[in-house]
Amino acid sequence: MADQDREKAESSFDSVSMLNVSGDYAGQRIDNFLSARLKGVPKSRIYRLLRKGEIRVNKGRAKPDRRLEAGDIIRLPPIRVSENEVRQPPDSLLKCLEDAVVYEDDQIMVIDKPTGVAVHSGTGVEFGVIEGLQASRPDIQGLSLVHRLDRETSGCLLLCKERRILPDLNRVLASGAFDKRYLTLVCGDWTDGRRSVRAPLALRRSGDQERRNEVDLDAGKSSETVFLPKERLDGYTLLEARLHSGRMHQIRAHAAHIGYPLAGDDKYGDRARNRGLNRFGLRRLFLHAFRLSFSMPGSGRRIRVEIPLAGDLESVLERMRDTTT
């Protein structure tokens with residue numbers, strides 16, 4: 001490759017620049033904001049620049065999850081990207097995500113997130129839902145996640161297509177006005193009917209820096225999950241779970257806290273029982289977001305999307321029913 005061609009491939013952001021955040025992007029995380037603008041710059045590089053303080057907001061350091069405000073000034077250092085670093089999501093991911101769209105209008109999109117696909121890139125994950133859809137829908141400049149699902153969780157995932165309404169959707173989400181419901185299989189014979197679990201959760205890091213939420217009555221953030229039994233099987237119970245708050249791993253942490261860990265949960269669950277579930281074909285966390293319902297900010301238009309239980313999880317239930325009867 002000629003020197004000038006190599007220089008062109010290496011790109012691009014070769015001088016200090018300043019970005020002024022407009023009101024349309026208020027409320028967006030800085031990592032997602034930068035990822036959409038620094039085309040070809042791996043997200044891992046963006047995280048590293050933020051961590052080292054080379055990217056600054058209003059002259060100060062910023063963490064990747066910082067929410068931007070209108071009028072913020074972002075300072076970018078010179079950034080050079082080699083040709084090998086510039087990668088695009090594989091076509092197989094793009095097709096998978098396009099096939100997963102179950103509802104779409106001018107403002108929002110709901111997909112049936114496949115299990116095993118992260119919502120965004122991060123440690124050990126090169127491409128997620130947001131990177132895939134941004135690549136397949138380059139005409140949508142403001143495409144953003146409204147909420148998140150664990151990598152293994154399948155089902156309803158809401159994305160916003162208009163940056164200006166994202167802060168309003170985030171406020172609706174934070175207020176608890178989103179009706180988010182899940183189906184999950186837990187270990188144990190559920191003896192209650194409807195049960196509300198109000199247990200504050202605090203984020204902890206283990207020695208290997210793995211994050212998990214634990215019940216902490218003093219330092220935890222208020223959290224509530226309502227569980228409703230749907231079907232009792234031999235030693236297991238299918239539950240509907242409704243979130244009244246949106247903490248990381250909330251359903252998993254609350255279910256384990258009351259003695260009913262989720263089937264297939266290798267972080268909060270019972271590993272011995274999980275191994276025993278192999279005979280029913282369970283190969284992942286049994287958690288599926290089956291319903292999302294809310295009113296659009298401003299118009300009040302009601303949105304309701306339901307997605308049936310994922311096929312692999314339905315097959316597990318069928319095998320368990322055959323054993324029980």
Worksheet, complete the sentence: Of the residues in the range 1-32, those that are crowded, with 18+ Cβ neighbours inside 10 Å, of a type outside the set (S, T, N, Q), part of a helix (DSSP H, G or I) and modelled with pLDDT under 85 number 1
Item to complete: Confirm whether Arg284 is within 23 Å of Arg211 (Cα to Cα), touching a Ser or Thr at 6+ places or on another chain (Cβ under 8 Å) and of a type in the set (Lys, Arg).
Response: yes
Worksheet item: Looking only at the range 121-137, which residues are at pLDDT below 85 and either surrounded by fewer than 20 Cβ atoms within 10 Å (Cβ to Cβ) or part of a helix (DSSP H, G or I) (or both)?
Response: Gly122, Thr123, Gly124, Val125, Glu126
Discussion item. So if I check each of Ala263, Ala253, which one is crowded, with 19+ Cβ neighbours inside 10 Å, among the small types (Gly, Ala, Ser) and under 18 Å from the mean Cα position of the chain (by Cα)?
Written reply: Ala253
Item to complete: Considering only the range 230-251, state which residues are in contact (Cβ under 8 Å) with a residue 60 or more places away in the chain and in contact with an Asp or Glu (Cβ under 6 Å, 6 or more places away or on another chain).
Response: Leu238, His244, Ser245
Item to complete: Output the residues belonging to the range 45-59 that are touching a helix residue (DSSP H, G or I) at 6+ places or on another chain (Cβ under 9 Å) and part of a helix (DSSP H, G or I).
Response: Arg45, Ile46, Tyr47, Leu49, Leu50
Worksheet item: Only one of (1) assigned by TED's automatic domain parsing to the domain that holds Leu38; (2) without any contact (Cβ under 8 Å) to a residue 12 or more places away in the chain is not met by Ala62, so which one is it?
Response: (2)
Worksheet item: In the range 204-212, is there at least one residue being under 24 Å from the mean Cα position of the chain (by Cα) and modelled with pLDDT of 90 or more?
Response: no
Worksheet item: Here are some conditions: (1) in contact with a strand residue (DSSP E or B) (Cβ under 7 Å, 6 or more places away or on another chain); (2) more than 23 Å from Gly132 (Cβ to Cβ); (3) surrounded by fewer than 16 Cβ atoms within 10 Å (Cβ to Cβ). Asp65 meets all but one. Which one does it not meet?
Response: (2)
Fill in: Some residue of the range 246-258 being within 24 Å of Arg151 (Cβ to Cβ) and either outside the structural domain of Arg204 (by TED's automatic domain parsing) or among the aromatic types (Phe, Trp, Tyr) (or both)
no
Discussion item. So in the range 205-250, with the set limited to residues that are β-branched (Val, Ile, Thr) and within 22 Å of Gly193 (Cβ to Cβ), which one is surrounded by the most Cβ atoms within 10 Å (Cβ to Cβ)?
Written reply: Thr225
Worksheet item: Yes or no: Gly269 surrounded by fewer than 21 Cβ atoms within 10 Å (Cβ to Cβ) and either within 19 Å of Arg151 (Cα to Cα) or out of contact with any helix residue (DSSP H, G or I) (no Cβ under 7 Å at 6 or more places or on another chain) (or both)?
Response: no
Worksheet item: Of the residues that sit in the range 287-325 and are in contact with a helix residue (DSSP H, G or I) (Cβ under 8 Å, 6 or more places away or on another chain) and free of Cβ contacts under 8 Å to residues at least 60 places away in the same chain, which one is surrounded by the most Cβ atoms within 10 Å (Cβ to Cβ)?
Response: Arg319
Discussion item. Return the pair list, or none, for Cβ contacts closer than 7 Å from residues in the range 160-188 that are in a helix (DSSP H, G or I) to residues that are acidic (Asp, Glu), at least 6 apart or on different chains.
Written reply: Arg163/Asp24; Arg164/Asp24
Discussion item. What pairs come out if I take residues in the range 264-280 that are under 22 Å from Gln250 (Cα atoms) and in the same structural domain as Asn213 (by TED's automatic domain parsing) and pair them with residues that are assigned to a loop (DSSP other than H, G, I, E, B) and not small (Gly, Ala, Ser) whose C-beta lies under 6 Å away, six or more apart or interchain?
Written reply: Gly264/Leu282; Gly264/Arg284; Gly264/Leu285; Gly264/Phe286; Asp265/Leu285; Tyr268/Pro261; Gly269/Pro261; Asp270/Pro261
Practice prompt. Go through the range 39-62 residue by residue and tally those that are surrounded by fewer than 13 Cβ atoms within 10 Å (Cβ to Cβ) and of a type in the set (A, V, I, L, M, F, W, C).
Written response: 0
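The values are calculated or read from the model by the stated rules, or taken from the named source; none is laboratory data. If you're wondering where the values come from, they're calculated on a predicted model, not measured in any experiment. Note that we place each Cβ from the backbone using ideal geometry, even for glycine, and neighbour counts take in every protein chain shown.
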